[in-house]
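Read through the structure below, which is laid out as structure tokens, and then see the notes.
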Amino acid sequence: MSRFVKVDITRETKPVSEKGFGLPLMLATSKALDYKVYTDISEVAEDFAETSREYKLATRMFGQSPKIAELACYGVSYVPEADDATALVAALNDLVVKNNDWFYLVCAENGDDELKALADWMSTQEKIYGATTQNVALAEEIKGLYENVYVSVHDDADAFHAEGLLAYGAPMEIGSYDFAHKQINGVRAAHLTAAEINAVKAANATTAVNELGLIVNLTGKAVGGDFLDVIQSDYFLRARLREDIFQHLATTKKTPFTDPGIAQIVAVMDTRFKAAYRQGIIAEDENGDPDYTIEFPRRADIPKNERAQRVLRGIKFRAVVSGAVENVEISGVLTV
């Protein structure tokens, strides 16, 4: 400190907290447990016996390649035969008030009532829930109801196939992969009839099948009918655009309500879309350029009352997702 010289420095380097897209949460049901994060299966063994469903589920999650860096866990004491499934929802509502920086939900209990209760709750979130059931009829019942729920049907109650699929994708950059035809370590082919497999696929669910000697999952669709990687990309762009624009507003002395000020917001969006293209979310057009457009109003076209309220409306974008190839059909002719 000096009585003669005063120096004030404004730090504009602290970033806005970004929503995590690689962290799965395991909702434990065998006992109450405060929120914590595991980095290895050995840490799970300190809280759950190796015979528990939690340990088996965590083994599936940590057993994929690439391996997840972390697995969050939160526990509630729950008895399926005695307790109502809404207790699981209540636990999650309590959790997200304090710890909400996770993206994938898996649960040790996958009974019909529990799965439907968690799927209902998940419909209010920008997160993804993965569950494995033994009930083909349940998959048919919930078909089309939830855009962000991924269900696998498997006869092995400890397969945790859908959960393993989420763990497979969690360490990777969204847009760089899809979920079709993936091999999940530790999961055998489901013992389902051809008719049951067809019913599972028609219900927008998946299962583990033996295809040309490889044990792979059947499809990458969520039960709502859209592909899960598209849902991920949707949520990712929503969150990142919110963060990017707020970061700009919070670290800029002033964003004027003028054409140059509006252009600043559009430039932030443009930067994010270019990044989304590089990571595989957005397709390229016939010229090899990122396939998106941003429309925005000029200041003169914005009503005076909106300008007075300092609310910028009317910015719209169109982006073409890159998608992925899941099935191939080829026709040809052999001749002599």
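Observations on the model:
- Selected residue [under 29 Å from the mean Cα position of the chain (by Cα) and closer than 30 Å to residue 189 by Cβ] from 285, 226, 270: 226
- Every residue from the range 73-98 that is in contact (Cβ under 8 Å) with a residue 40 or more places away in the chain and either buried (at least 16 other Cβ atoms within 10 Å of the Cβ) or outside the structural domain of residue 157 (by TED's automatic domain parsing) (or both): 73, 74, 75, 76, 78, 88, 91, 92, 95
- Hits in the range 48-66 (condition: modelled with pLDDT of 95 or more and assigned to a loop (DSSP other than H, G, I, E, B)): 48, 49, 50, 51, 52, 63, 64
- Residues located in the range 189-231, provided they are over 15 Å from residue 143 (Cβ atoms), small (Gly, Ala, Ser) and either outside the structural domain of residue 170 (by TED's automatic domain parsing) or touching a Leu at 6+ places or on another chain (Cβ under 8 Å) (or both): 208, 220
- Within the range 232-260, the residues that satisfy the criterion of being under 21 Å from the mean Cα position of the chain (by Cα) and either crowded, with 16+ Cβ neighbours inside 10 Å or assigned by TED's automatic domain parsing to the domain that holds residue 312 (or both) are 232, 233, 234, 235, 236, 237, 239, 240, 241, 243, 244.
- Any hit, the range 195-215, residues being over 19 Å from the mean Cα position of the chain (by Cα) and closer than 19 Å to residue 53 by Cα: no
- Test for residue 229: is it under 19 Å from residue 283 (Cα atoms), without any contact (Cβ under 8 Å) to a residue 40 or more places away in the chain, surrounded by 15 or more Cβ atoms within 10 Å (Cβ to Cβ) and in contact with a strand residue (DSSP E or B) (Cβ under 9 Å, 6 or more places away or on another chain): no
- As a summary of the residue check, residue 336 satisfies the conditions (1) of a type in the set (A, V, I, L, M); (2) closer than 30 Å to residue 122 by Cα; (3) without any contact (Cβ under 8 Å) to a residue 60 or more places away in the chain except for the one numbered (2).
The values are calculated or read from the model by the stated rules, or taken from the named source; none is laboratory data. Worth saying up front: this structure is predicted, and the values here are computed from it rather than measured. A quick note on method: Cβ atoms are made from the backbone with ideal geometry, for glycine too, and the neighbour counts reach across all protein chains shown.
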